[in-house]
1. Among the residues of the range 114-140, what is the count of those that are in contact with a Leu (Cβ under 8 Å, 6 or more places away or on another chain) and open to solvent by 40 Å² or more (accessible area, probe 1.4 Å)?
2. Out of everything in the range 141-182 that is under 17 Å from Gln111 (Cα atoms) and over 16 Å from the mean Cα position of the chain (by Cα), what residue ends up being surrounded by the fewest Cβ atoms within 10 Å (Cβ to Cβ)?
3. Since Leu81 meets every condition but one in (1) under 30 Å from Glu139 (Cβ atoms); (2) surrounded by fewer than 18 Cβ atoms within 10 Å (Cβ to Cβ), which condition does it not meet?
4. When the residues of the range 183-205 are filtered to those that are closer than 17 Å to Leu8 by Cα and of a type in the set (Val, Ile, Thr), which remaining residue is surrounded by the most Cβ atoms within 10 Å (Cβ to Cβ)?
5. Can you confirm whether the range 88-101 contains a residue that is open to solvent by 40 Å² or more (accessible area, probe 1.4 Å), out of contact with any helix residue (DSSP H, G or I) (no Cβ under 8 Å at 6 or more places or on another chain), over 19 Å from Arg25 (Cβ atoms) and of a type in the set (A, V, I, L, M, F, W, C)?
6. Only residues in the range 23-50 that are touching a residue at least 24 places away in the same chain (Cβ under 8 Å) count as the first member; pair them with residues that are open to solvent by 20 Å² or more (accessible area, probe 1.4 Å) and part of a helix (DSSP H, G or I), Cβ under 6 angstrom, at least 6 apart or cross-chain, and list the lot.
7. Restricting to the range 107-155, name every residue that is under 21 Å from Arg179 (Cβ atoms), in a loop (DSSP other than H, G, I, E, B) and either at pLDDT 95 or above or not polar (S, T, N, Q) (or both).
8. When residues of the range 58-75 are filtered for being at pLDDT 95 or above and more than 19 Å from Thr115 (Cβ to Cβ), how many remain?
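The values are calculated or read from the model by the stated rules, or taken from the named source; none is laboratory data. These numbers were taken from a predicted model, which means no experiment stands behind them. Every residue, glycine among them, receives a Cβ derived from its backbone with ideal geometry; neighbour counts consider all protein chains shown. The area values use the complete protein model at the heavy-atom level, side chains included, leaving out ligands, DNA and RNA. Shrake-Rupley method; radii C 1.70, N 1.55, O 1.52, S 1.80 Å.
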Amino acid sequence: QNPDIVGLQEVDSVCERSGKVDQIRRLAEITGMHYAFVRHFPYQGGAYGVGILSKYPIAKVEPKILKLLKKGPNGESVSMLFATIPIKRKKKILFATAHYSAFDKAIRASQVNETLHYLSENNLPVIFTGDLNATPDAEEIQLLQQHLQTTDISGLPTFPDDTPVKKIDYVLVSPKALRRVEKVSAPVVHYSDHLPLMVNIRLKS
């Protein structure tokens, strides 16, 4: 697909279950892209978290905490990854990726509020991606979309990969930064239990 920037969730780093491979680093080697990774928590001798691949050099990486509210089996929080990426000589964007709670609406609502708080601390154009584990009609997603514009108004289903029936994966953009969405697709590939959400966008200059 030759993407410019990719947000990845459920990434293993030297875990037993995935053959002790540092997955984000290996993907970067295969694609020739720059990368960033932040762990949610230690897992099976390594770490489990989220990552970013970028054709452009990554100028700054910031992990942020998203609380779980209820203690889970692996800890009390997960991470959200922010990367400042210069896409032109005098233009930077803030690219972020997150993996919201799959089990609790109240936790997701809290994570949306934390996300919006973190995003409010910067003045760069934002592209926010993630497995948000909620459909577009959910209150927490509606709240998020009051501040960030969806790029997929048709609501392409992305889960599960074999027979996708619901949309829980998103690419959202700062409304003032977006000129237009040129194409949205969910290519049918089976390397994950989700289909990848591909969006071609043009930002304002």
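1. Number of matching residues: 2.
2. Gln146
3. (2)
4. That would be Val199.
5. Within the range 88-101 (the criterion being open to solvent by 40 Å² or more (accessible area, probe 1.4 Å), out of contact with any helix residue (DSSP H, G or I) (no Cβ under 8 Å at 6 or more places or on another chain), over 19 Å from Arg25 (Cβ atoms) and of a type in the set (A, V, I, L, M, F, W, C)), the answer is no, since none of the residues qualifies.
6. Gln44/Glu16; Gln44/Arg17; Gly45/Glu16
7. Correct list: Leu124, Pro125, Gln145, Gln146, His147, Leu148, Thr151, Asp152, Ile153.
8. The total comes to 2.
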